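The values are calculated or read from the model by the stated rules, or taken from the named source; none is laboratory data. From a predicted model like this one, the values you see are computed outputs, not experimental measurements. When we count neighbours, we look across all protein chains shown, and the Cβ atoms used for this are built from the backbone with ideal geometry, even at glycine. All accessible areas refer to the heavy atoms of the entire protein, side chains included, with ligands and DNA or RNA removed. Shrake-Rupley method; radii C 1.70, N 1.55, O 1.52, S 1.80 Å.
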Amino acid sequence: MQRTLRNIAVALVAGSLALAAAAQDEPKKSSKKASSAAASSAAGGKVVVNGVTIPQSRIDAMNRELTTQGQPDTPERHQAVREELVNREVLAQAATKRGLDKNPDIQAQMAMAQQAVLVRALFEDEVKKNPITDADLQKQYEQFKSQMGTNEYKVRHILVDKEDEAKAIIAELNKGGDFAKIAKEKSKDPGSKDNGGDLDWGPSARYVKPFADAIQSMQKGQTTTAPVKTDFGYHVIRLDDVRPLKVPEFSELKEQFRQRAQQQQIQKLVMDLRQKAKVEER
């Protein structure tokens, strides 16, 4: 979840490093002031651009984002970060000099960027103050495991719109018709028809309830004797094989469950705040 919440900042940082690398490759194109600032930063001093000091907190924030992204903490990286912040300060000053900061559209974008940072900070604070415990995750895992069942099934199906079509296909199969060939010709499921209706291996929980109930009651090699109706249409199902289901261990899925739990936590926060908010249209 932490990584998800940092997506915007990570994207900015990636662009920053590319620009910084380009600046380092072409030092002769850098201004004299920028070079002086870089030399100062290398010595650990303050970075001042046209009289404006770049706050250390800004440098630290960008370095933290890079560390979170997995980039090694090296002197070269710190130098690249400072070079990029010098570039940004130079450009921002130029934009202000042109009066772009007074443009209503740009002011709106700046306000939205500030909102995005605040929203991200709120989400991170919510997750930090209400951590998901391992016991919570274990409980979710056990529930997930029970829903998966004990077997997984290798299934084929033919999906059509009308019950009469499905009955006719069953009759054709009973006369020796080739399931795969009929699926290619008549099934309306684009994901499986070209594979002869093959849905590959999967637990019954993968399917909607009527379909899942049908395959759990079938024997290996059996085809449904009557169409199975779902919201998608009418299915003719063949069970090719059955084998015991091996659910991944808790340790393998733990972080996935944590991310999902944190997403649900954030969704609840948004819903609760929205319900309490007074929203008017004037």
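Our analysis of region 208-253 gives Rg over Rh at 1.12, with the two radii drawn from alpha carbon positions and Rh computed by the Kirkwood formula.
Using only the Cα atoms of region 94-168, construct the convex hull and provide its projected area averaged over every direction, in square nanometres to one decimal.
13.7
Extents of region 166-273, largest first, come to 60, 33, 25 Å (Cα atoms, principal axes, whole angstrom). Sequence-ordered 3J(HN,Hα) estimates for region 50-67 from the Karplus curve with 6.51, -1.76 and 1.60 and θ = phi - 60° stand at 6, x, 9, 7, 7, x, 4, 4, 5, 4, 4, 4, 5, 5, 5, 5, 5, 5 Hz, glycine and proline given as x. The residues of region 38-185 have, on average, 63 Å² of accessible surface per residue, using a 1.4 Å probe with all protein chains present. When peptides 216-227, 104-115 are ranked by their average number of other Cβ atoms within 10 Å per residue, the highest-first order is 216-227, 104-115.
For Val155, the residues whose modelled amide H falls within less than 5 Å of its own, excluding neighbours fewer than 5 places apart on the same chain, are Leu199, Asp200, Asp240. The spacing between region 149-187 and region 54-106, judged by their C-alpha centroids, is 61 Å.
How large a share of the accessible area of region 193-234, in percent, is made up of carbon and sulfur atoms when the probe is 1.4 Å and the other protein chains stay in place? Working shown, then result.
Values: 1140 of 2410 Å².
Reported share for carbon and sulfur atoms: 47 percent.
If you take the alpha carbon atoms of region 61-124 and fit the smallest convex hull around them, that volume is 83 Å³ per residue. Residue by residue, region 128-139 carries 3J(HN,Hα) couplings of 5, 7, 10, x, 7, 7, 4, 5, 4, 5, 4, 5 Hz when phi is fed to the Karplus relation 6.51 cos²θ - 1.76 cosθ + 1.60 (θ = phi - 60°); x denotes Gly or Pro. Quick one: net charge around Tyr153, please, counting Lys, Arg +1 and Asp, Glu -1 for every other residue with C-beta under 11 Å from its C-beta. Within the 11 Å Cβ shell, the charges total +2.
Could you tell me the relative contact order of region 167-282? Use alpha-carbon pairs under 8 Å, at least six residues apart, and round to a whole percent.
15
Modelled spin-label separation between Val48 and Gln263, with each label point placed 7 Å from Cα along the Cα-to-Cβ direction: 5.0 nm.
Going down the table (Lys139/Lys276; Lys181/Lys209; Lys181/Lys220; Lys102/Lys276; Lys129/Lys278), which pairs top 24 Å between alpha carbons? Among Lys139/Lys276; Lys181/Lys209; Lys181/Lys220; Lys102/Lys276; Lys129/Lys278, the Cα-Cα distance tops 24 Å for Lys139/Lys276; Lys181/Lys209; Lys102/Lys276; Lys129/Lys278. Scalar couplings 3J(HN,Hα) for region 209-222, obtained by applying the Karplus form with A = 6.51, B = -1.76, C = 1.60 to θ = phi - 60°, are 4, x, 5, 4, 4, 5, 5, 5, 9, 9, 9, 3, x, 8 Hz; x denotes Gly and Pro. Note on Val208 and Gln109: the model spin-label points, each 7 Å out from Cα along the C-beta direction, lie 4.5 nm apart. Under a 5 Å amide H cut-off, with hydrogens placed 1.01 Å from N, Thr230 pairs with His235 among residues at least 5 apart or on other chains. A simple spin-label model places the labels of Glu252 and Lys128 3.5 nm from each other, with each point 7 Å out along Cα-to-Cβ.
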